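Here's the structure we're looking at; comments come further down.
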Amino acid sequence: MKNLLTILLVTILCSCQDTKEQLNLTEGVYISNVTLISTEDGTYSPYMGHLVVEKDQIVYVSKDEPSISGTFEQIDGTGKFIIPGLIDSHVHIPGVQGMLPHHIEKYPELATEFKSQMPRSYLYYGFTSIIDLGGISEELITSFSKQEIKPDLYHVGYSGAAVANGYPMNFTPEEFRFDAVPNFIYMDSQAENIPDTYDPADHTPEAVVRRIKNSGAIAVKSYYESGFGRMMGLPVPTKDIMKDLLTEAHSNGLVLTVHANSLEAHSFLVDIGVDVIAHGIWNWGKYKDVPRDSLPLEIKRTLDLQIEKQIGYTPTLTVIEGEEALVDTEFLDQPGLKKVVPKDLLEWYKTEEAQWFAKEIFSELTVEEVHKIYSNVQAHAMLALKYLSDHNGLILFGSDTPSAPTYGNQPGHNGNWELKLMKEAGVPLHKILASATINNAKAFHLDASLGSLAIGKKANIIMMAKNPLMDIEAYDAIVQVVIGGKVIKREDLEVKE
(Lines give C-alpha, C1' and ligand atoms only; values in the text may rest on other atoms or scores of the structure.)
Protein backbone atom coordinates (compact mmCIF):
# COMPACT_ATOMS: atom_id res chain seq x y z
CA MET A 1 0.00 0.00 0.00
CA LYS A 2 2.85 2.37 0.88
CA ASN A 3 4.60 1.65 -2.43
CA LEU A 4 1.36 2.24 -4.32
CA LEU A 5 0.91 5.65 -2.70
CA THR A 6 4.51 6.58 -3.55
CA ILE A 7 4.03 5.65 -7.20
CA LEU A 8 0.77 7.60 -7.34
CA LEU A 9 2.40 10.72 -5.83
CA VAL A 10 5.34 10.60 -8.26
CA THR A 11 2.92 10.21 -11.17
CA ILE A 12 0.92 13.29 -10.08
CA LEU A 13 4.06 15.39 -9.65
CA CYS A 14 5.41 14.44 -13.05
CA SER A 15 2.04 15.15 -14.62
CA CYS A 16 2.00 18.66 -13.07
CA GLN A 17 5.50 19.41 -14.31
CA ASP A 18 4.66 18.41 -17.87
CA THR A 19 1.51 20.54 -17.99
CA LYS A 20 2.00 23.94 -19.62
CA GLU A 21 -0.31 26.86 -20.01
CA GLN A 22 -2.66 26.00 -22.87
CA LEU A 23 -3.49 28.97 -25.08
CA ASN A 24 -5.69 28.73 -28.16
CA LEU A 25 -5.25 31.95 -30.12
CA THR A 26 -7.25 33.47 -32.97
CA GLU A 27 -5.43 36.81 -33.40
CA GLY A 28 -2.33 36.27 -31.31
CA VAL A 29 1.21 37.55 -30.93
CA TYR A 30 3.85 35.49 -29.15
CA ILE A 31 7.10 37.22 -28.14
CA SER A 32 9.60 34.59 -27.05
CA ASN A 33 12.96 34.62 -25.28
CA VAL A 34 12.86 38.33 -24.51
CA THR A 35 13.91 40.35 -21.46
CA LEU A 36 10.77 41.61 -19.76
CA ILE A 37 11.04 44.92 -17.88
CA SER A 38 7.99 45.90 -15.88
CA THR A 39 6.91 46.90 -12.39
CA GLU A 40 3.87 47.61 -10.28
CA ASP A 41 5.74 49.48 -7.53
CA GLY A 42 8.83 51.04 -9.13
CA THR A 43 11.12 48.12 -8.25
CA TYR A 44 12.47 46.37 -11.34
CA SER A 45 13.61 42.75 -11.63
CA PRO A 46 14.09 42.09 -15.36
CA TYR A 47 13.98 38.47 -16.48
CA MET A 48 14.14 36.40 -19.65
CA GLY A 49 10.71 35.15 -20.52
CA HIS A 50 7.72 34.96 -22.82
CA LEU A 51 4.70 37.16 -23.46
CA VAL A 52 1.53 36.31 -25.35
CA VAL A 53 -1.13 38.64 -26.70
CA GLU A 54 -4.61 37.72 -27.88
CA LYS A 55 -6.31 40.48 -29.87
CA ASP A 56 -5.68 43.65 -27.82
CA GLN A 57 -4.92 42.05 -24.46
CA ILE A 58 -1.93 40.46 -22.73
CA VAL A 59 -2.91 36.88 -21.83
CA TYR A 60 0.40 35.36 -20.70
CA VAL A 61 3.61 36.63 -19.08
CA SER A 62 6.09 34.15 -17.60
CA LYS A 63 9.62 32.77 -17.50
CA ASP A 64 8.17 29.47 -18.70
CA GLU A 65 7.48 28.75 -22.34
CA PRO A 66 3.75 28.52 -23.02
CA SER A 67 1.92 25.91 -25.06
CA ILE A 68 0.15 27.67 -27.92
CA SER A 69 -2.17 26.65 -30.70
CA GLY A 70 -4.26 28.53 -33.21
CA THR A 71 -3.42 31.62 -35.25
CA PHE A 72 -0.60 33.84 -34.07
CA GLU A 73 2.52 35.75 -35.10
CA GLN A 74 5.71 34.69 -33.34
CA ILE A 75 8.47 37.22 -32.70
CA ASP A 76 11.88 36.06 -31.51
CA GLY A 77 12.94 38.47 -28.80
CA THR A 78 16.43 37.10 -28.32
CA GLY A 79 18.73 39.96 -27.29
CA LYS A 80 15.79 42.38 -27.11
CA PHE A 81 13.93 44.10 -24.25
CA ILE A 82 10.23 44.82 -23.89
CA ILE A 83 8.56 47.42 -21.69
CA PRO A 84 4.98 48.71 -21.37
CA GLY A 85 4.03 51.41 -23.86
CA LEU A 86 5.00 54.90 -22.69
CA ILE A 87 2.37 57.36 -21.44
CA ASP A 88 2.83 61.08 -22.08
CA SER A 89 0.53 62.74 -19.57
CA HIS A 90 0.79 66.28 -20.97
CA VAL A 91 0.20 66.96 -24.65
CA HIS A 92 -1.95 69.31 -26.75
CA ILE A 93 -3.03 67.86 -30.09
CA PRO A 94 -5.11 70.72 -31.60
CA GLY A 95 -3.34 72.93 -34.12
CA VAL A 96 0.04 72.64 -35.81
CA GLN A 97 3.34 73.33 -34.06
CA GLY A 98 4.71 76.77 -34.91
CA MET A 99 1.62 77.86 -36.87
CA LEU A 100 -1.17 80.33 -36.13
CA PRO A 101 -4.64 79.89 -37.69
CA HIS A 102 -3.80 82.19 -40.59
CA HIS A 103 -0.68 80.11 -41.38
CA ILE A 104 -2.79 76.95 -41.45
CA GLU A 105 -5.27 78.67 -43.76
CA LYS A 106 -2.45 79.84 -46.02
CA TYR A 107 -0.66 76.45 -46.12
CA PRO A 108 -3.41 73.82 -45.77
CA GLU A 109 -1.28 71.09 -47.31
CA LEU A 110 1.38 71.52 -44.60
CA ALA A 111 -1.27 71.31 -41.89
CA THR A 112 -2.79 68.20 -43.46
CA GLU A 113 0.59 66.45 -43.66
CA PHE A 114 1.36 67.32 -40.05
CA LYS A 115 -1.99 66.09 -38.71
CA SER A 116 -1.73 62.86 -40.66
CA GLN A 117 1.78 62.14 -39.36
CA MET A 118 1.29 63.36 -35.77
CA PRO A 119 -0.22 60.16 -34.27
CA ARG A 120 2.49 58.06 -35.92
CA SER A 121 5.18 60.38 -34.55
CA TYR A 122 4.11 59.68 -30.97
CA LEU A 123 4.23 55.94 -31.67
CA TYR A 124 7.62 56.23 -33.40
CA TYR A 125 9.09 57.28 -30.05
CA GLY A 126 7.15 54.70 -28.06
CA PHE A 127 4.27 56.81 -26.74
CA THR A 128 1.28 54.49 -27.02
CA SER A 129 -0.94 56.62 -24.75
CA ILE A 130 -1.26 60.40 -24.62
CA ILE A 131 -3.32 62.65 -22.36
CA ASP A 132 -4.42 65.95 -23.87
CA LEU A 133 -4.42 68.54 -21.07
CA GLY A 134 -5.91 71.41 -23.07
CA GLY A 135 -9.28 72.05 -24.58
CA ILE A 136 -10.28 69.44 -27.14
CA SER A 137 -13.38 69.37 -29.31
CA GLU A 138 -15.65 66.42 -29.98
CA GLU A 139 -14.86 66.88 -33.67
CA LEU A 140 -11.13 66.57 -33.02
CA ILE A 141 -11.62 63.47 -30.85
CA THR A 142 -13.65 61.88 -33.65
CA SER A 143 -11.10 62.86 -36.29
CA PHE A 144 -8.22 61.47 -34.24
CA SER A 145 -10.06 58.20 -33.58
CA LYS A 146 -10.50 57.68 -37.33
CA GLN A 147 -6.74 57.53 -37.87
CA GLU A 148 -5.74 54.00 -38.80
CA ILE A 149 -2.61 54.00 -36.63
CA LYS A 150 -2.62 56.08 -33.45
CA PRO A 151 -1.85 56.07 -29.73
CA ASP A 152 -4.65 55.84 -27.19
CA LEU A 153 -6.02 59.33 -26.53
CA TYR A 154 -7.34 60.56 -23.17
CA HIS A 155 -8.39 64.11 -22.35
CA VAL A 156 -9.69 66.63 -19.78
CA GLY A 157 -12.81 67.81 -21.58
CA TYR A 158 -13.62 70.58 -24.01
CA SER A 159 -11.68 73.14 -21.97
CA GLY A 160 -9.80 73.42 -18.71
CA ALA A 161 -11.35 74.76 -15.51
CA ALA A 162 -9.77 78.20 -15.76
CA VAL A 163 -10.94 81.11 -13.63
CA ALA A 164 -12.72 83.81 -15.65
CA ASN A 165 -10.23 85.98 -17.59
CA GLY A 166 -7.30 84.14 -16.06
CA TYR A 167 -4.67 81.99 -17.75
CA PRO A 168 -5.05 80.68 -20.45
CA MET A 169 -8.36 82.45 -21.20
CA ASN A 170 -6.43 85.72 -21.45
CA PHE A 171 -4.96 84.62 -24.80
CA THR A 172 -8.41 84.40 -26.39
CA PRO A 173 -9.94 87.60 -27.85
CA GLU A 174 -12.67 88.99 -25.58
CA GLU A 175 -15.45 88.73 -28.18
CA PHE A 176 -15.47 84.91 -28.04
CA ARG A 177 -13.36 84.22 -24.96
CA PHE A 178 -16.14 82.71 -22.87
CA ASP A 179 -17.51 80.56 -25.66
CA ALA A 180 -14.00 79.22 -26.32
CA VAL A 181 -13.58 78.20 -22.67
CA PRO A 182 -16.97 76.69 -21.75
CA ASN A 183 -15.69 75.35 -18.43
CA PHE A 184 -14.51 78.65 -16.96
CA ILE A 185 -15.01 79.22 -13.22
CA TYR A 186 -17.07 82.23 -12.17
CA MET A 187 -15.39 84.55 -9.64
CA ASP A 188 -17.11 87.48 -7.98
CA SER A 189 -13.98 89.59 -8.43
CA GLN A 190 -14.40 89.21 -12.23
CA ALA A 191 -18.20 89.69 -12.30
CA GLU A 192 -18.13 93.00 -14.17
CA ASN A 193 -15.89 91.43 -16.84
CA ILE A 194 -18.18 88.47 -17.49
CA PRO A 195 -21.09 88.91 -19.95
CA ASP A 196 -24.54 88.80 -18.34
CA THR A 197 -25.53 85.95 -20.63
CA TYR A 198 -23.52 83.52 -18.49
CA ASP A 199 -25.28 82.21 -15.39
CA PRO A 200 -22.92 81.95 -12.40
CA ALA A 201 -24.71 78.72 -11.39
CA ASP A 202 -23.42 77.09 -14.60
CA HIS A 203 -19.84 77.98 -13.73
CA THR A 204 -19.37 76.77 -10.18
CA PRO A 205 -16.73 74.08 -9.57
CA GLU A 206 -19.57 71.55 -9.18
CA ALA A 207 -21.22 72.42 -12.50
CA VAL A 208 -17.91 72.63 -14.37
CA VAL A 209 -16.60 69.29 -13.12
CA ARG A 210 -19.90 67.62 -13.95
CA ARG A 211 -19.64 68.86 -17.57
CA ILE A 212 -16.04 67.71 -17.77
CA LYS A 213 -16.99 64.28 -16.48
CA ASN A 214 -19.86 64.00 -18.99
CA SER A 215 -17.49 64.80 -21.87
CA GLY A 216 -15.61 61.55 -21.28
CA ALA A 217 -12.62 63.14 -19.54
CA ILE A 218 -10.33 61.27 -17.13
CA ALA A 219 -9.16 64.40 -15.27
CA VAL A 220 -9.88 68.04 -14.52
CA LYS A 221 -7.25 70.55 -15.62
CA SER A 222 -7.01 73.83 -13.73
CA TYR A 223 -4.44 76.62 -13.57
CA TYR A 224 -2.54 78.77 -11.08
CA GLU A 225 -0.70 81.34 -13.18
CA SER A 226 -0.43 84.99 -12.15
CA GLY A 227 1.51 85.86 -15.30
CA PHE A 228 4.94 86.02 -16.95
CA GLY A 229 6.83 88.30 -19.32
CA ARG A 230 4.62 91.20 -20.36
CA MET A 231 1.56 89.38 -19.05
CA MET A 232 1.29 89.96 -15.31
CA GLY A 233 -1.40 90.35 -12.64
CA LEU A 234 -3.77 87.70 -13.98
CA PRO A 235 -6.61 86.53 -11.71
CA VAL A 236 -5.89 83.20 -9.97
CA PRO A 237 -8.22 80.78 -8.17
CA THR A 238 -8.92 81.22 -4.48
CA LYS A 239 -8.23 78.40 -2.05
CA ASP A 240 -11.95 77.75 -1.76
CA ILE A 241 -12.29 77.36 -5.54
CA MET A 242 -9.33 74.99 -5.77
CA LYS A 243 -10.52 72.94 -2.79
CA ASP A 244 -13.97 72.68 -4.35
CA LEU A 245 -12.46 71.57 -7.66
CA LEU A 246 -10.50 68.88 -5.84
CA THR A 247 -13.55 67.67 -3.93
CA GLU A 248 -15.75 67.62 -7.03
CA ALA A 249 -13.09 65.89 -9.12
CA HIS A 250 -12.75 63.11 -6.56
CA SER A 251 -16.50 62.69 -6.12
CA ASN A 252 -16.73 62.19 -9.90
CA GLY A 253 -13.83 59.73 -10.00
CA LEU A 254 -11.52 62.22 -11.72
CA VAL A 255 -7.99 63.46 -11.09
CA LEU A 256 -7.20 67.15 -10.51
CA THR A 257 -4.09 68.26 -12.36
CA VAL A 258 -3.04 71.92 -12.21
CA HIS A 259 -0.79 74.09 -14.35
CA ALA A 260 1.83 75.71 -12.11
CA ASN A 261 5.54 76.43 -12.58
CA SER A 262 6.42 78.96 -9.89
CA LEU A 263 7.36 78.64 -6.23
CA GLU A 264 4.27 80.71 -5.36
CA ALA A 265 1.97 78.38 -7.31
CA HIS A 266 3.51 75.13 -6.05
CA SER A 267 3.30 76.35 -2.45
CA PHE A 268 -0.38 77.20 -2.91
CA LEU A 269 -1.23 73.83 -4.51
CA VAL A 270 0.83 71.67 -2.16
CA ASP A 271 -0.97 73.22 0.80
CA ILE A 272 -4.31 72.21 -0.74
CA GLY A 273 -3.06 68.76 -1.73
CA VAL A 274 -4.02 68.54 -5.42
CA ASP A 275 -3.34 65.26 -7.23
CA VAL A 276 -0.88 66.38 -9.91
CA ILE A 277 1.09 69.54 -10.63
CA ALA A 278 1.57 69.69 -14.38
CA HIS A 279 4.98 71.44 -14.37
CA GLY A 280 8.08 71.61 -12.25
CA ILE A 281 9.31 74.60 -10.25
CA TRP A 282 11.19 76.74 -12.78
CA ASN A 283 10.19 80.22 -11.68
CA TRP A 284 11.94 80.74 -8.37
CA GLY A 285 10.62 84.27 -7.88
CA LYS A 286 12.80 86.18 -5.42
CA TYR A 287 15.39 83.39 -5.64
CA LYS A 288 15.80 83.59 -9.43
CA ASP A 289 19.37 84.86 -9.17
CA VAL A 290 20.71 82.40 -6.60
CA PRO A 291 23.58 80.12 -7.72
CA ARG A 292 22.62 77.23 -9.98
CA ASP A 293 23.81 74.63 -7.48
CA SER A 294 21.98 76.11 -4.49
CA LEU A 295 18.45 75.09 -3.52
CA PRO A 296 16.84 77.70 -1.22
CA LEU A 297 15.31 76.44 2.02
CA GLU A 298 11.82 77.69 1.07
CA ILE A 299 11.88 75.64 -2.13
CA LYS A 300 13.12 72.59 -0.23
CA ARG A 301 10.24 72.92 2.22
CA THR A 302 7.73 73.14 -0.63
CA LEU A 303 9.23 70.08 -2.31
CA ASP A 304 9.32 68.22 1.02
CA LEU A 305 5.57 68.74 1.44
CA GLN A 306 4.99 67.60 -2.13
CA ILE A 307 7.04 64.47 -1.41
CA GLU A 308 5.24 63.84 1.88
CA LYS A 309 1.82 64.09 0.21
CA GLN A 310 3.02 62.20 -2.89
CA ILE A 311 1.63 64.83 -5.21
CA GLY A 312 2.52 64.05 -8.81
CA TYR A 313 5.36 66.26 -10.10
CA THR A 314 5.66 66.64 -13.89
CA PRO A 315 9.01 68.29 -14.77
CA THR A 316 8.23 69.24 -18.43
CA LEU A 317 11.81 70.39 -18.95
CA THR A 318 11.31 70.65 -22.71
CA VAL A 319 9.06 73.67 -22.23
CA ILE A 320 12.20 75.68 -21.54
CA GLU A 321 14.31 73.93 -24.16
CA GLY A 322 11.57 74.17 -26.79
CA GLU A 323 11.54 77.95 -26.64
CA GLU A 324 15.32 78.27 -26.49
CA ALA A 325 15.47 76.07 -29.61
CA LEU A 326 14.03 78.98 -31.60
CA VAL A 327 17.44 80.67 -31.56
CA ASP A 328 19.35 77.43 -32.30
CA THR A 329 20.23 77.44 -36.01
CA GLU A 330 21.02 73.70 -35.95
CA PHE A 331 17.89 72.50 -34.17
CA LEU A 332 15.83 71.82 -37.30
CA ASP A 333 18.59 69.72 -38.87
CA GLN A 334 18.43 66.95 -36.27
CA PRO A 335 18.06 63.49 -37.87
CA GLY A 336 15.40 62.57 -35.33
CA LEU A 337 13.13 65.43 -36.44
CA LYS A 338 13.32 64.32 -40.06
CA LYS A 339 11.81 60.98 -39.02
CA VAL A 340 8.65 62.52 -37.57
CA VAL A 341 8.12 65.97 -39.13
CA PRO A 342 7.08 66.22 -42.81
CA LYS A 343 9.91 67.50 -44.99
CA ASP A 344 8.02 70.48 -46.42
CA LEU A 345 6.99 71.62 -42.95
CA LEU A 346 10.59 71.42 -41.73
CA GLU A 347 11.62 73.59 -44.67
CA TRP A 348 8.89 76.12 -43.86
CA TYR A 349 10.15 76.35 -40.28
CA LYS A 350 13.43 77.67 -41.69
CA THR A 351 11.75 80.59 -43.46
CA GLU A 352 11.56 84.14 -42.17
CA GLU A 353 7.78 83.85 -41.93
CA ALA A 354 8.06 80.94 -39.49
CA GLN A 355 10.23 82.95 -37.08
CA TRP A 356 7.26 85.03 -35.93
CA PHE A 357 7.13 83.52 -32.44
CA ALA A 358 10.86 83.92 -31.85
CA LYS A 359 10.59 87.60 -32.83
CA GLU A 360 7.63 88.06 -30.51
CA ILE A 361 9.26 86.68 -27.37
CA PHE A 362 12.91 87.54 -28.04
CA SER A 363 12.55 90.90 -29.78
CA GLU A 364 14.64 92.76 -27.22
CA LEU A 365 17.23 90.04 -26.52
CA THR A 366 20.40 88.88 -28.21
CA VAL A 367 20.98 85.17 -28.81
CA GLU A 368 23.56 85.17 -26.01
CA GLU A 369 21.09 86.74 -23.61
CA VAL A 370 18.42 84.14 -24.52
CA HIS A 371 20.83 81.29 -23.81
CA LYS A 372 21.91 82.84 -20.52
CA ILE A 373 18.35 83.39 -19.26
CA TYR A 374 17.01 80.01 -20.33
CA SER A 375 20.01 78.02 -19.16
CA ASN A 376 19.64 79.58 -15.70
CA VAL A 377 15.93 78.73 -15.55
CA GLN A 378 16.65 75.19 -16.73
CA ALA A 379 19.42 74.72 -14.18
CA HIS A 380 16.99 75.69 -11.41
CA ALA A 381 14.30 73.36 -12.81
CA MET A 382 16.75 70.46 -12.94
CA LEU A 383 18.02 71.13 -9.41
CA ALA A 384 14.46 71.02 -8.04
CA LEU A 385 13.76 67.81 -9.96
CA LYS A 386 16.91 66.12 -8.68
CA TYR A 387 16.04 67.00 -5.09
CA LEU A 388 12.56 65.59 -5.50
CA SER A 389 13.95 62.45 -7.17
CA ASP A 390 16.63 61.92 -4.52
CA HIS A 391 13.98 62.08 -1.80
CA ASN A 392 11.46 59.73 -3.45
CA GLY A 393 8.97 62.22 -4.79
CA LEU A 394 6.31 61.03 -7.22
CA ILE A 395 7.65 61.87 -10.68
CA LEU A 396 5.22 61.74 -13.59
CA PHE A 397 6.29 61.95 -17.21
CA GLY A 398 4.82 64.71 -19.37
CA SER A 399 6.33 66.68 -22.23
CA ASP A 400 3.81 69.53 -22.72
CA THR A 401 3.88 69.06 -26.50
CA PRO A 402 3.68 71.85 -27.58
CA SER A 403 4.02 74.25 -24.66
CA ALA A 404 3.47 77.28 -26.91
CA PRO A 405 3.18 78.01 -30.64
CA THR A 406 6.81 76.92 -31.05
CA TYR A 407 8.18 74.45 -33.57
CA GLY A 408 10.62 73.40 -30.83
CA ASN A 409 8.17 70.85 -29.33
CA GLN A 410 7.39 68.21 -31.96
CA PRO A 411 5.19 65.13 -31.33
CA GLY A 412 7.12 62.13 -30.02
CA HIS A 413 10.49 63.77 -30.52
CA ASN A 414 9.74 66.21 -27.71
CA GLY A 415 8.91 63.34 -25.35
CA ASN A 416 12.14 61.57 -26.22
CA TRP A 417 14.01 64.81 -25.53
CA GLU A 418 12.26 65.10 -22.16
CA LEU A 419 13.44 61.61 -21.16
CA LYS A 420 17.03 62.59 -21.92
CA LEU A 421 16.74 65.87 -20.01
CA MET A 422 15.45 63.99 -16.96
CA LYS A 423 18.56 61.78 -17.14
CA GLU A 424 20.72 64.91 -17.47
CA ALA A 425 19.06 66.31 -14.35
CA GLY A 426 20.16 63.26 -12.37
CA VAL A 427 17.00 61.13 -12.28
CA PRO A 428 17.96 57.42 -12.24
CA LEU A 429 16.94 55.39 -15.27
CA HIS A 430 14.54 53.14 -13.38
CA LYS A 431 12.66 56.18 -12.08
CA ILE A 432 12.48 57.67 -15.57
CA LEU A 433 10.93 54.46 -16.89
CA ALA A 434 8.47 54.25 -13.99
CA SER A 435 7.45 57.90 -14.50
CA ALA A 436 6.34 57.21 -18.07
CA THR A 437 4.63 53.89 -17.34
CA ILE A 438 3.28 52.70 -13.98
CA ASN A 439 3.46 56.11 -12.22
CA ASN A 440 1.40 57.85 -14.89
CA ALA A 441 -1.01 54.92 -15.12
CA LYS A 442 -1.69 54.97 -11.37
CA ALA A 443 -1.83 58.77 -11.08
CA PHE A 444 -4.48 59.02 -13.81
CA HIS A 445 -6.42 55.90 -12.74
CA LEU A 446 -5.42 53.97 -15.87
CA ASP A 447 -3.46 51.20 -14.16
CA ALA A 448 -6.21 48.61 -14.57
CA SER A 449 -5.32 48.52 -18.27
CA LEU A 450 -1.99 50.34 -18.72
CA GLY A 451 1.41 50.85 -17.16
CA SER A 452 2.84 47.33 -16.83
CA LEU A 453 3.20 43.98 -18.57
CA ALA A 454 0.53 41.94 -16.84
CA ILE A 455 -2.25 39.53 -17.77
CA GLY A 456 -5.45 41.38 -18.57
CA LYS A 457 -3.78 44.68 -19.45
CA LYS A 458 -3.90 46.24 -22.88
CA ALA A 459 -1.30 45.06 -25.35
CA ASN A 460 0.60 48.34 -25.65
CA ILE A 461 4.22 47.20 -25.72
CA ILE A 462 7.59 48.54 -26.86
CA MET A 463 10.43 46.26 -28.04
CA MET A 464 13.91 47.77 -27.82
CA ALA A 465 17.40 46.80 -28.91
CA LYS A 466 18.87 48.33 -25.72
CA ASN A 467 18.04 48.09 -22.02
CA PRO A 468 16.29 51.28 -20.76
CA LEU A 469 17.48 50.51 -17.23
CA MET A 470 21.08 50.74 -18.47
CA ASP A 471 21.03 53.24 -21.33
CA ILE A 472 18.84 56.30 -21.98
CA GLU A 473 19.46 55.77 -25.70
CA ALA A 474 17.21 52.69 -25.50
CA TYR A 475 14.26 55.02 -26.08
CA ASP A 476 15.69 55.77 -29.51
CA ALA A 477 16.53 52.12 -30.18
CA ILE A 478 12.95 50.94 -30.59
CA VAL A 479 12.53 47.97 -32.91
CA GLN A 480 8.79 47.41 -32.85
CA VAL A 481 5.71 48.99 -31.30
CA VAL A 482 2.67 46.95 -30.33
CA ILE A 483 -0.45 49.10 -30.02
CA GLY A 484 -3.68 47.39 -29.07
CA GLY A 485 -2.16 44.06 -30.12
CA LYS A 486 -1.11 45.33 -33.56
CA VAL A 487 2.61 44.91 -34.29
CA ILE A 488 4.24 47.80 -36.17
CA LYS A 489 7.87 48.06 -37.26
CA ARG A 490 9.33 51.36 -36.18
CA GLU A 491 10.46 52.29 -39.67
CA ASP A 492 6.86 52.03 -40.86
CA LEU A 493 5.98 54.94 -38.58
CA GLU A 494 8.47 57.35 -40.15
CA VAL A 495 7.54 60.28 -42.38
CA LYS A 496 7.07 59.05 -45.94
CA GLU A 497 8.75 61.05 -48.69
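The values are calculated or read from the model by the stated rules, or taken from the named source; none is laboratory data. Since we're looking at a predicted model, the values are computed, not measured. Please note: Cβ atoms are built from the backbone with ideal geometry, for glycine as well, and neighbour counts cover all protein chains shown. When the accessible area is computed, the model is the full protein with side chains, heavy atoms only, and any ligands, DNA or RNA have been set aside. Shrake-Rupley method; radii C 1.70, N 1.55, O 1.52, S 1.80 Å.
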Check your understanding: If each of Ala180 and Val487 carries a label point 7 Å out from its Cα toward its Cβ, how far apart are those two points in nm?
Key -> 4.7
Check your understanding: Across the range 263-274, in residue order, what do the Karplus-derived ³J(HN,Hα) couplings come to in whole Hz, using 6.51 cos²θ - 1.76 cosθ + 1.60 with θ = phi - 60° and x for Gly and Pro?
Key -> 4, 4, 5, 4, 4, 4, 6, 5, 4, 6, x, 5
Point to revise | Additional length obtainable on full extension of the chain from Ala191 to Met232, 0.36 nm per residue less Cα span | key: 12.8 nm
Exercise for review: Order the peptides 234-241, 468-475 from the highest to the lowest mean number of other Cβ atoms within 10 Å of their residues.
Suggested key: 468-475, 234-241
Review point. Roughly how many Å² of Phe144 are accessible to a 1.4 Å probe, to the nearest 10?
Key: 10
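I'd like the antiparallel share, as a percent to the nearest 5, of DSSP beta bridges with both residues in the range 13-164.
Restricted to the range 13-164, the bridges split so that about 40 percent are antiparallel.
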Study note, to complete from the structure: Taking Cα atoms only, helix 108-124 is inclined relative to the longest principal axis of the chain by an angle, in degrees rounded to 10, of 40
**Study point:** For the range 139-277: rounded, prolate or oblate by the Cα gyration tensor [a/c cutoff 1.5]
**Key:** rounded
Review point. So for the chain: antiparallel DSSP bridges make up what percent, rounded to the nearest 5?
Key: 45
Revision key, fill the gap. Quick shape check on the range 285-439: root eigenvalues a ≥ b ≥ c of the Cα gyration tensor, a/c under 1.5 is rounded, otherwise prolate if a/b tops b/c, else oblate, and it reads oblate
Review point. Which of rounded, prolate, oblate describes the chain, given a ≥ b ≥ c as roots of the alpha-carbon gyration tensor eigenvalues and a/c under 1.5 marking rounded, otherwise prolate only if a/b is larger than b/c?
Key: prolate
Practice item. Go ahead and estimate [θ] at 222 nm for the chain from helices alone: -39,500 (n - 2.57) per DSSP H run with n ≥ 4, summed, over the residue count, rounded to 500. Key: -10500 deg cm²/dmol
Check your understanding: Ignoring ligands, DNA and RNA, what percent of the accessible area of the range 301-364 is carbon or sulfur (1.4 Å)?
Key -> 47
**Study point:** Too-long pairs where the Cα-Cα distance tops 23 Å, listed order kept, from Lys386/Lys489; Lys300/Lys386; Lys106/Lys350
**Key:** Lys386/Lys489
Check your understanding: With every protein chain left in place, what is the accessible area per residue of the range 96-211 in square angstrom, probe 1.4 Å?
Key -> 46
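In the range 45-98, what trypsin sites (Lys or Arg not before Pro) fall in a loop by DSSP, with at most 15 other Cβ atoms inside 10 Å?
Those satisfying the criteria are Lys55, Lys63.
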**Study point:** Principal-axis tilt of helix 367-390 within the chain, Cα atoms, nearest 10 degrees
**Key:** 50
Review point. Can you give me the Cα centroid spacing of the range 152-201 and the range 356-381 in angstrom?
Key: 30
Check your understanding: So what is the relative contact order for the range 345-497, in percent, with contacts set as C-alpha pairs under 8 Å and at least six apart?
Key -> 14
Check your understanding: Which distance in nm do the two modelled labels at Glu148 and Glu109 give, with both placed 7 Å along the Cα-to-Cβ direction?
Key -> 2.2
Exercise for review: Can you grab the distance from the C-alpha centre of the range 406-444 to the C-alpha centre of the range 230-273, Å, no decimals?
Suggested key: 23
Exercise for review: Could you state the accessible area per residue of the range 321-410 in Å², with a 1.4 Å probe and every protein chain left in place?
Suggested key: 43
Point to revise | Rounded to 10°, Cα long-axis angle of helix 205-214 versus longest principal axis of the chain | key: 40
